Amino acid sequence: MKAVRILIICLLSATASLAAAQKKASQPDVFLITIDTLRADHVHCYGYEHIQTPALDSLAKDGIRFVQAFTPSPITNTSHTTILTGLLPSRHGVTDFAVPLAATHPTWAELLKKKGYHTAAFIGAVILDSKTLAPGLDRGFDFYDNFPEHPQTKSRWGRVERRGMDVVQHAERWLNAHPTGPHFVWVHLYDPHDPYEPPPPYSQTYKDHLYDGEIAYADSALANFVAYLKKQSWYENAVVIVVGDHGEGLGEHHEDTHGIFLYDSTTHVPLIVKRPGRGNAGKMVNAQVRTTDILPTVLDLLHVPLPERLDGESLKPYFGGMEDASRTAFGETDYPLRFGWAPLRSVRAEGFKFIDAPRPELYDLHTDPGELKNTYAPWGTTVQKFRAMLAELRAKMPPSQPSAGAVSQGTIDELEALGYLGRADAGSSSNVPEPSLLPDPKDEIEEQNLLHTAMMASEDDRPADARGALEKVLQLDPKSPTALRQLGELELHAGDYSKAAEHLKRAREVRPEDATAAFEEGQALDKIGDLADARDALEASLKLTPGQFPARLLLGQVYLGLKDARAAEDQFEAALLLQPNSVEAQLGMAKAEIAQGSFADAVRQLEPLSRTQPDNAGVFELLAQAYRGMGKTEEAERVESRAKNLKRR
Ligand SMILES: [Zn+2]
């Protein structure tokens with residue numbers, strides 16, 4: 001009897017686990033493809049005649065195409081965080097580069113991983129690297145394809161950006177190694193982002209409109225990926241979603257790229273959802289929807305419970321035509337703050353767009369889809385209503401903390417290589433003035449375009465072009481701290497130190513709290529031998545940011561040059577607290593000690609160094625001086641000849 005009971009229990013549990021296994025096996029794979037900087041109106045199936053996008057077109061035939069989808073953010077990190085959390089920027093808080101995504105916000109990958117999904121992400125630009133510029137975005141991913149920490153190449157490919165075909169090959173390689181599903185794989189194709197440099201044949205076919213060439217190339221990478229999924233027989237049963245993270249200004253509203261404004265040119269994105277079994281294939285939804293709706297839709301399709309808080313809703317009711325109402329789309333951008341300009345907020349609803357700016361805007365999208373005729377009047381009922389909606393939203397959101405994450409110089413360089421302002425100009429978050437008191441970005445956009453041009457030219461090693469663009473900025477605004485500092489940095493790299501010092505001095509007059517400009521001015525002044533002024537600039541820089549090792553080291557050397565060995569010693573001591581193993585700081589320390597006649601101290605500093613640095617002639621030269629000072633002639637001669645031998649090598 002007992003044996004029978006056990007057998008029954010065994011059978012029952014076997015059936016249960018079989019059912020669970022079957023359920024798990026039938027869970028559809030989920031593939032999310034985000035295409036960077038993709039304007040909806042530059043995709044063929046969205047009605048653009050000057051391009052071939054066969055992969056996007058065929059996905060739209062197999063799935064549901066949303067004609068009017070909007071991102072709340074025109075900038076990569078923020079908009080991707082919205083897609084992966086279903087939250088508005090002011091809720092998830094990733095409103096700037098390198099701001100960590102708070103652990104309290106569940107991500108798409110975490111939610112699916114809990115349901116047994118194998119998860120992986122493949123990014124096309126360092127801007128989404130979770131080690132530097134997008135901390136926390138990797139949460140829930142078994143594998144997150146970051147960029148190498150020490151890239152082997154100086155070219156932008158592989159260092160800050162990957163071609164779409166490389167990204168999908170990485171994804172396919174991972175899928176080959178992890179064939180057991182269900183999978184959630186996110187693929188990010190960065191190509192359409194500027195600079196527009198599509199590879200051949202797209203560079204030829206689209207030579208007069210290279211942005212489209214990049215889109216066509218990204219489409220070919222997508223085609224490769226979809227063909228792979230079909231070959232593996234994963235396509236049919238999968239949820240496949242393609243979405244743009246934001247658009248591109250292309251000169252509309254005088255914006256060349258994206259990030260500053262909230263017009264449709266940078267917020268209207270393509271969105272295609274292919275369901276398992278191609279349900280509702282070929283459907284077109286005209287209602288206005290948001291990228292915050294994507295995650296709730298996927299969770300709805302997979303029957304996964306929704307997290308407590310989401311700013312979007314499932315799009316499923318649109319699939320079968322149960323719903324056709326437009327949803328209110330909010331827009332937010334804090335990127336202008338990086339330049340010291342007012343952040344913007346917008347509402348797009350009922351055929352109108354309201355933009356809350358120092359000079360507010362209202363557009364009637366029925367008669368003015370290009371948002372060219374501002375009909376704002378403070379007493380207008382639509383304005384009043386939309387203002388109230390924004391106020392209500394603000395009241396619901398956590399208090400804003402517009403702080404840039406702490407990033408290293410290397411990360412700042414990477415950001416600037418991608419064309420983003422690496423260092424915020426508004427200073428630290430604590431001293432950001434009331435937004436309405438900041439300049440309206442509409443009045444500053446030409447300046448931003450020129451700064452962007454200059455950054456891309458510097459990255460491309462075209463200093464003359466960079467200089468030209470920066471000088472034009474100064475014609476528009478002679479006190480632009482960003483242009484003055486960048487011009488200073490340009491001359492510093494070019495070796496024109498007196499010009500560099502001049503620009504940097506002016507940059508600091510406009511923005512005395514800029515520790516970097518002060519350090520760079522100190523470098524330039526040291527090079528031209530103006531040690532007293534170099535000292536003042538470096539002291540000022542270190543007063544603002546005490547923990548700068550290179551500035552401490554340089555200030556120590558400047559003090560040595562000024563024959564103030566005591567002050568030099570203080571600086572080298574502070575430098576050694578920051579980097580105890582620095583050879584340069586130890587040598588500086590020894591020099592300062594010798595200059596003060598503390599020969600025994602110098603010997604104590606130098607003898608261990610002579611063992612760890614047996615090939616460093618400078619160590620032995622100093623040691624000789626110290627021995628001589630102590631009257632140890634024999635030792636002095638021995639190390640002197642060692643120094644000579646090393647120098648001869
Ligand atoms: Zn982007």
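Residue count for the range 213-235, restricted to those that are free of Cβ contacts under 8 Å to residues at least 24 places away in the same chain and hydroxyl-bearing (S, T, Y): 2.
For the range 467-572, which fully contained helices (runs of 4 or more DSSP H) count at least 1 residues that are charged (D, E, K, R) and more than 29 Å from the chain's Cα centre (by Cα)?
Once the helices (runs of 4 or more DSSP H) in the range 467-572 are filtered for at least 1 residues that are charged (D, E, K, R) and more than 29 Å from the chain's Cα centre (by Cα), what remains is 497-510, 515-527, 531-544, 549-561.
Only one of the numbered conditions (1) within 30 Å of K632 (Cα to Cα); (2) surrounded by fewer than 16 Cβ atoms within 10 Å (Cβ to Cβ); (3) not aliphatic (A, V, I, L, M) is violated by F599, and that is (2).
For the range 541-596, residues that are farther than 22 Å from R508 by Cβ, touching a residue at least 12 places away in the same chain (Cβ under 8 Å) and among the polar types (S, T, N, Q) total 4. Among residues of the range 513-531 that are farther than 28 Å from G340 by Cα, those with a beta-carbon under 6 Å from a residue that is assigned to a loop (DSSP other than H, G, I, E, B) at least six positions away or on a different chain give the pairs L531/L562.
The numbered conditions (1) within 14 Å of the ligand (Cβ to nearest atom); (2) under 15 Å from the mean Cα position of the chain (by Cα) are all true for A98 except (1). Checking every residue in the range 169-186 against the condition of being among the polar types (S, T, N, Q), assigned to a loop (DSSP other than H, G, I, E, B) and within 19 Å of D29 (Cα to Cα) gives at least one match. Tally up the residues in the range 237-254 that are more than 14 Å from the ligand (Cβ to nearest atom) and part of a loop (DSSP other than H, G, I, E, B), please. Within the range 237-254, residues that are more than 14 Å from the ligand (Cβ to nearest atom) and part of a loop (DSSP other than H, G, I, E, B) number 4. Here Y376 meets the list (1) more than 25 Å from L87 (Cβ to Cβ); (2) surrounded by 18 or more Cβ atoms within 10 Å (Cβ to Cβ) almost entirely, failing just condition (2). Among the residues of the range 35-43, is any out of contact with any helix residue (DSSP H, G or I) (no Cβ under 6 Å at 6 or more places or on another chain), touching a residue at least 40 places away in the same chain (Cβ under 8 Å) and away from the ligand (no atom under 16 Å from the Cβ)? There is at least one residue in the range 35-43 that is out of contact with any helix residue (DSSP H, G or I) (no Cβ under 6 Å at 6 or more places or on another chain), touching a residue at least 40 places away in the same chain (Cβ under 8 Å) and away from the ligand (no atom under 16 Å from the Cβ). Pairs meeting the criteria (first residue in the range 358-371 and more than 25 Å from P439 (Cβ to Cβ), second residue among the aromatic types (F, W, Y) and at pLDDT 95 or above, beta carbons under 9 Å, at least 6 apart or on different chains) are D364/F352; L365/F352; H366/F352; P369/Y363.
Only a single criterion out of (1) of a type in the set (A, V, I, L, M); (2) surrounded by 20 or more Cβ atoms within 10 Å (Cβ to Cβ); (3) farther than 16 Å from A120 by Cβ is not satisfied by M165, namely (2). One residue stands out among those in the range 189-207 that are of a type in the set (D, E) and within 14 Å of the ligand (Cβ to nearest atom): the one that is modelled with the highest pLDDT, which is D191. Taking each residue of the range 69-83 that is among the polar types (S, T, N, Q) and modelled with pLDDT of 95 or more and looking for partners that are assigned to a helix (DSSP H, G or I) and within 8 Å of the ligand (Cβ to nearest atom) with beta-carbon atoms closer than 7 Å, six or more apart or interchain, yields T71/S79; S73/S79; T76/I127; N77/I127. Which of the residues belonging to the range 106-129 are closer than 15 Å to S79 by Cα and more than 16 Å from the ligand (Cβ to nearest atom)? Selection gives T107, W108.
The values are calculated or read from the model by the stated rules, or taken from the named source; none is laboratory data. Owing to the predicted nature of the structure, the values given are computational and were not obtained by experimental measurement. Don't worry about glycine lacking a Cβ; one is built from the backbone with ideal geometry, like all the others, and counts go over all protein chains shown.
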